[in-house]
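Since the structure comes first, as structure tokens, the remarks are kept for the end.
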Amino acid sequence: MNRDPTPRQGEAGSGNYVASGYSVYEVENEQLQEGLRAKVSALKRLCRDIGTEVKYQIKVLEDMDSDFDSTGGLLGATIGRVKRLSRGSQTKLLCYMLLFCLFVFFVLYWFIKLR
């Protein structure tokens, strides 16, 4: 005598078992598959979005690199001119310009402080 209350595959039970051979585990597996498909598609969209953002950031960095190169060239040319100016006979003129700039700075500072 079999006293096991759970029906076995192929045996007719008390209605707990689907007669077509489609078990509860298969239903649960399909539900889990659908959940996994949804998660995989979400990850796929996320990876695409990350790829788009990376491409945008690379473009921004390339633009910044170009801007820094042009600024570096401009700054190098300006420093070269200042060095050439300081080597020449115009050193006295450069000192006067520097003193004038300092004077204007202090006058503006004093004017703003009194306000």
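Every number in this text was worked out from the coordinates using simple rules, so none of it is lab data. Just so it is clear, the model here is predicted, and its values are computed rather than measured. Heads up, the Cβs are rebuilt from the backbone with ideal geometry, glycines too, and the neighbour counts pull from every protein chain shown.
Observations
- Span from the segment 101-115 Cα centroid across to the segment 32-47 one, whole angstrom: 65 Å
- Projected label points at ASP69 and VAL27, each 7 Å from Cα along the beta carbon direction, are separated by 6.6 nanometres.
- For segment 56-66, 3J(HN,Hα) computed residue by residue from phi via the Karplus equation (6.51, -1.76, 1.60; θ = phi - 60°) reads 5, 5, 4, 4, 4, 5, 5, 5, 5, 4, 5 Hz, glycine and proline entered as x.
- Annotation: lysines with alpha-carbon distance below 18 angstrom to LYS55 (same-chain offsets under eight excluded): LYS44.
- Diffusion coefficient (Stokes-Einstein, Kirkwood radius over C-alpha pairs, 10 °C, 1.306 mPa s) for segment 23-79: 103 µm²/s, rounded to a whole number.
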